Amino acid sequence: MVFPGSSLLAWLSSNGLLIVLTVLGATLVARFVSWGGERITRRIDENYEQSDDLVRSEATKHRHSMAQVVTWMLISFIYIIATLKVFDYLELPLGTLVAPATVIGAALGFGAQRIVQDILAGFFIITERQYGFGDTVQISVTGASEDAVGTVEDVTLRVTRVRSTAGEVIIVPNGQINKAINLSKDWARAVVDVPIPVSADISDVTDILREVGVAAYNDTRVRELLLDEPSVMGVESLEVDQLSVRMVARTLPGKQFQVGRLLRARIARALRVQGITVTPQLGTASVVDRSEAQ
């Protein structure tokens, strides 16, 4: 693109000005869309906080995730259109760019395929409602030694952002997710394994645990987190010096950890009152929480 000295000023006052206005307009529209998306998600969050619900419904989580995805797609579309318009104002013959674009596309193909893979995986995560904003998840990532565990803060077509219990933000490309465990889908289960010495009377321990479950279910603070009364499953494991009795409780989505802590405290107190403990050489009595989501 060659400009004679006399026509450069004319081009700047016409196409050059249009390019500036296009870039500025695209930036303003993108910011407006981002503001609108944040306002919608904020309203969804406020409706949940003002309601009496203890957990977010699946519909609420899906609407929040959809608002984030639609916002991301609209902003991407705005910038793509603005880029094409800038090419048009520059009077670049797009037909002559086909061959170079093919070469560049082939060179970047191996890198771009990962982006395409991320977007396709994100599309199915959203449409299949595998998880959404506010869900507690455990994500297995390709090449990572540890799973990403935490609460979902953001889901786009390309990445999932998870905040761990330590406050760390973990960003996972959707295409690298091998397995996603949703710990807050519909309902969850708190599983508490209680280790006791082999000399203890299993019937007495079972009765104590049942009483703990009934008392917990009758407690308003705990009952609002439960879907039904905690039950004792019986002996789960048997070792040389101790055995483990399992208690389970169905809870609201994502509340299995809180219920597990409450049950552990009640169980430890009840066993201490009855004088049941693990022998000193084996360590102090403890209750192991192995919460599971179904």
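The values are calculated or read from the model by the stated rules, or taken from the named source; none is laboratory data. This structure is a prediction, so every number in the text was calculated from the model and none was measured. All Cβ positions, glycine included, derive from the backbone under ideal geometry; neighbour counts span all protein chains shown.
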Those residues of segment 177-211 which are in a loop (DSSP other than H, G, I, E, B), polar (S, T, N, Q) and out of contact with any strand residue (DSSP E or B) (no Cβ under 6 Å at 6 or more places or on another chain) amount to Ser199
How many residues does segment 185-219 contain that are small (Gly, Ala, Ser), without any contact (Cβ under 8 Å) to a residue 24 or more places away in the chain and closer than 10 Å to Pro230 by Cα? 0
Quick test of your reading of the structure: Leu74 fulfils all but one of (1) over 24 Å from Val137 (Cα atoms); (2) modelled with pLDDT under 70. Name the failing condition by number. (2)
Pairing a residue in segment 234-245 that is surrounded by fewer than 16 Cβ atoms within 10 Å (Cβ to Cβ) with any residue that is hydrophobic (A, V, I, L, M, F, W, C) and at pLDDT 80 or above, where Cβ atoms lie under 6 Å and the two sit 6 or more apart in sequence or on different chains, gives Val235/Leu243; Val235/Val245
Pull out all pairs, ordered by first then second residue, where Cβ-Cβ is under 8 Å, the residues are six or more apart or on different chains, the first lies in segment 72-84 and is at negative phi, and the second is loosely packed, with under 13 Cβ neighbours inside 10 Å. none
Could you give every pair whose Cβ atoms fall below 8 Å, whose first residue belongs to segment 120-141 and is farther than 23 Å from Trp187 by Cβ and touching a residue at least 40 places away in the same chain (Cβ under 8 Å), and whose second residue is among the aliphatic types (A, V, I, L, M) and part of a loop (DSSP other than H, G, I, E, B), counting only separations of at least 6 or pairs across chains? Gly122/Leu157
Any idea which residue in segment 181-210 is farthest from Arg246 (Cα to Cα), counting only those that are of a type in the set (Asp, Glu) and surrounded by 13 or more Cβ atoms within 10 Å (Cβ to Cβ)? Asp207
Just to be sure before I move on: is Gly260 of a type outside the set (Lys, Arg), out of contact with any Gly (no Cβ under 6 Å at 6 or more places or on another chain), buried (at least 19 other Cβ atoms within 10 Å of the Cβ) and part of a loop (DSSP other than H, G, I, E, B) in the structure I sent? no
Which condition does Ser184 not pass, out of (1) within 27 Å of Arg261 (Cβ to Cβ); (2) modelled with pLDDT of 85 or more, if it passes all the others? (2)
Identify, from the list Thr136, Thr160, Thr127, the residue that is more than 30 Å from Ile267 (Cα to Cα) and buried (at least 19 other Cβ atoms within 10 Å of the Cβ). Thr160
Would segment 158-176 turn up any residue that is closer than 28 Å to Arg246 by Cα, modelled with pLDDT of 85 or more and of a type in the set (D, E, K, R)? no
